[in-house]
Structure formats: C-alpha cells, structure tokens
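The values are calculated or read from the model by the stated rules, or taken from the named source; none is laboratory data. Values in this document were obtained by computation on a predicted structure and should not be read as measured data. Cβ placement follows ideal geometry from the backbone for every residue including glycine, while neighbour counts extend to all protein chains displayed.
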Amino acid sequence: MATIKEIAAMAGVSRGTVDRVLNHRGSVNPETEQKILEIVQALDYRPNRAGIVLAARKKNLRLGVVLLGVGTAFYDEILEGVYSKSAELSDYNCSVLIRQTDYDLQQQLDAIDELVREGINGLALSPYNDPAVRDKIDSLYEAGIPVVTLNTDIENSRRIAYVGSHFYRSGETAGGLMRLMTHGQIRVGVISGSRNILCHTERIAGFKSVISSCDGIRIADIVNHNDDEDESYRLTTGLLAAHPEINAFYFTAGGVYGGCRAITDAGRDHDTTVITHDMVSTTREYIKKGLIAATICQQPFLQGSKPLEILFAYLTAGEQPAAEYDYVNIDVRIRENL
C-alpha cells in the first residue's frame, strides 16, 4: 500500500503538501494538486482507517443539512436517513445540524448562513434553483466547506456530488406509464411543486419528451402548488372545472393527497388515471383504492444518509465521491406490488 511519503516523492513535493491536498487544508497550486490526485488515484491510496477514526474524533466535525419542504411526508422520510447517519457519525465526534425551509430563496440563504456561523465543515443541501444559491455553494467551496446536493440539484455549481433520482429519466418513466396505462384521447393536468426546483421542471421535461410522440396524449395545463396540500386541492379542483376534458393527472412532486381528494370530491375518481412520485402513507391508500395507477419511488432514506457519508469521508480521509451523480434506483409501484 502506498504511503504519503511515497506519493510526495513521486510528485516531487513535501509530505505536508500531499497532506494539504488529501485533507483539503490550505491552498495548493492547481497543477500540483491535480498531479498529486492523479498519483493517489493511480496508486489506489487508502488512508489508515484507525488513523481516520482518531483524526475525526479530534476534529469535532459539524455537518449541516438544509432541506426544502417543511412538514412534507416525503422529506420526513429523508430526515429518517439523516437521523440514522447522524447517530452513526456521533461515534466519531461528528454532529449534524438540521434546518428545514419552505420553497423560499431567502429562507434557504438565511439557513445556510446560520449554519456557517455555527461552524459547519460541510453541507448537505436540497437547493432552491437560483443563481444566488449557486453563488453561495461556490463561495462555501472556496472557504473549504464542501457541499453535496440531495433530492434536487443545481446546475453549474461547485458542489462535489449529487445524491438523488435522475429527474429527467423519472419524468420519462411517468410518460411511459401514462402511455401504457391509458387509451384513446388523454388530456393531462400536470400538478407540480415549484418552477424553482430543478427536479420538478426536469420531470415535466422528461414527461413531455415521451408523450410528444403519443398522438392521443396532450397536456391540458400545468400548475404549481409549492408542495402545499390545500393549494393542491384548490388547483386540482380549478383544473377540473376549467378543463372538463381532463381525464389524467401527473403529480411531479408533493400535494398528491390534496389533489386526489379534489378528484374524488369532483366524482372523477373512476374515470381518471393518476401517476405520482414517492410512496407516503396517503399515496399508498389511494393506490389501494385504485385512483393512483402507479407511483415512482426514489429511496428517500438513502438520499438522507448518503450525502452525510460522502461528506464525512471527504473531510476525514480526503476521499473524493465515487461519482459526481449518485443516482438512486427508479422503483415503480402499482397496487399489485405494494
């Protein structure tokens, strides 16, 4: 097994320089850093695990978590993964600080700033899709605070990895399910969460890409409810009144319970096909009742735990994420395989 001394000799630098690169401490010439990382990868260098444990306990690491969607059942499942990994990391003297916000840009920026003031060393973030958040991620990276995004991503930022579903592919899957589970002239009402959440807009794009080649399927309208069940009920009711031809719905985010209540109250639960995402308890019940034809799941527990695992390995052992995009499985559930 290679040692730091051997890596330093091969790179023509001091052991201290190698240590700074591996532990992300201090500035190193980019070309020198790249040369060291290439040698590390070629030699498949792995730090001594016993040393990592001791170093982690001395560092007293703090990891921050900022999640969108206060009080939503789906994010409650992500939180279970966060809490589980947090309990595990506590054995290494690593604490996890958690904040949840609405779909609000300033709330998210304030939550991040608050965690930075509390001394976090790394951040797991479900980002609001706005240039101000991208700039914040970049500034954190420059300050030596790595960011891993989860559940939804933000383009062209310096986050070190993303953990979550492949949004576009999930939307394509929803489009394929709509094609397979309907016939005749289908008019779809799309109920989404927010235009400022990349996973919601990408799912719609994937959905559109599939149904565009289906002669009988068209989108009647698209509305956004910010994962609010009451707002979803109101908007779904409004869509059915404004577009009585609607005979299918695609829910790209939360708000499924409110929307399904509206469909049922309008007496349309026996002639409407519904495709959703995720498996919370109320979604399960509507699948059993036959209103929801299928839901596309995305391993929320793993989305909560894996980002903290990546950050801990990065900060203690200098381990780069195995992949920039750590996609979870796309898992389709219908009544017969609940």
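Couple of notes before you dig in:
- Residue match in the stretch 137-155 (condition: β-branched (Val, Ile, Thr), assigned to a strand (DSSP E or B), modelled with pLDDT of 95 or more and under 30 Å from Ala248 (Cβ atoms)): no
- Condition met for Gly176 (farther than 30 Å from Gln320 by Cβ and at pLDDT 95 or above): yes
- Residue within the stretch 325-335 that is touching a residue at least 24 places away in the same chain (Cβ under 8 Å), surrounded by fewer than 20 Cβ atoms within 10 Å (Cβ to Cβ) and over 21 Å from the mean Cα position of the chain (by Cα) present: yes
- Leu198 meets the conditions (1) at negative phi; (2) in contact with a His (Cβ under 8 Å, 6 or more places away or on another chain); (3) modelled with pLDDT under 95 in every case but one. The failed one is (2).
- Filter result for the condition that a residue is assigned to a loop (DSSP other than H, G, I, E, B), under 21 Å from the mean Cα position of the chain (by Cα) and at pLDDT below 85, over Gly71, Gly26: Gly71
- Filtered residue count, the stretch 189-207, keeping only those that are touching a Ser or Thr at 6+ places or on another chain (Cβ under 9 Å) and either among the β-branched types (Val, Ile, Thr) or more than 20 Å from Val328 (Cβ to Cβ) (or both): 9
- Cross-chain or 6+ apart pairs with Cβ under 6 Å, the stretch 288-314 first and touching a residue at least 40 places away in the same chain (Cβ under 8 Å) and on the phi < 0 side of the Ramachandran plot, then part of a loop (DSSP other than H, G, I, E, B) and among the small types (Gly, Ala, Ser): Gln298/Ser165
One line per residue, one yes/no per condition, for (1) in a helix (DSSP H, G or I); (2) of a type in the set (Val, Ile, Thr):
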site	(1), (2)
Ser194	no, no
Cys199	yes, no
Phe207	yes, no
Asp215	no, no
Ile219	no, yes
Asn226	no, no
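- Yes/no for Gly267 being assigned to a loop (DSSP other than H, G, I, E, B) and more than 14 Å from Ile186 (Cα to Cα): yes
- Here Arg158 meets each of (1) farther than 30 Å from Ala323 by Cβ; (2) charged (D, E, K, R); (3) in the same structural domain as Ile310 (by TED's automatic domain parsing) with one exception, condition (1).
- Flag if Thr276 is assigned to a helix (DSSP H, G or I), buried (at least 22 other Cβ atoms within 10 Å of the Cβ), among the hydroxyl-bearing types (Ser, Thr, Tyr) and in contact with a Ser or Thr (Cβ under 6 Å, 6 or more places away or on another chain): no
- Long-range neighbours under 7 Å by Cβ, at least six apart or interchain, first residue closer than 21 Å to Met178 by Cβ within the stretch 228-249, second among the acidic types (Asp, Glu) and surrounded by 14 or more Cβ atoms within 10 Å (Cβ to Cβ): Leu239/Asp221; His243/Asp221
- Some residue of the stretch 243-264 being outside the structural domain of Asn129 (by TED's automatic domain parsing), at pLDDT below 95 and out of contact with any Phe, Trp or Tyr (no Cβ under 9 Å at 6 or more places or on another chain): no
- Within the option set Leu240, Leu235, being closer than 20 Å to Ile197 by Cα and of a type in the set (A, V, I, L, M) holds for one residue only, Leu235.
- Among the residues listed as Val190, Val163, the single one being part of a strand (DSSP E or B) and closer than 18 Å to Glu245 by Cβ: Val190
- Val147 crowded, with 24+ Cβ neighbours inside 10 Å, of a type in the set (A, V, I, L, M, F, W, C) and assigned by TED's automatic domain parsing to the domain that holds Ala322: yes
- Selection count, the stretch 88-98, where residues are surrounded by fewer than 18 Cβ atoms within 10 Å (Cβ to Cβ) and in a strand (DSSP E or B): 3
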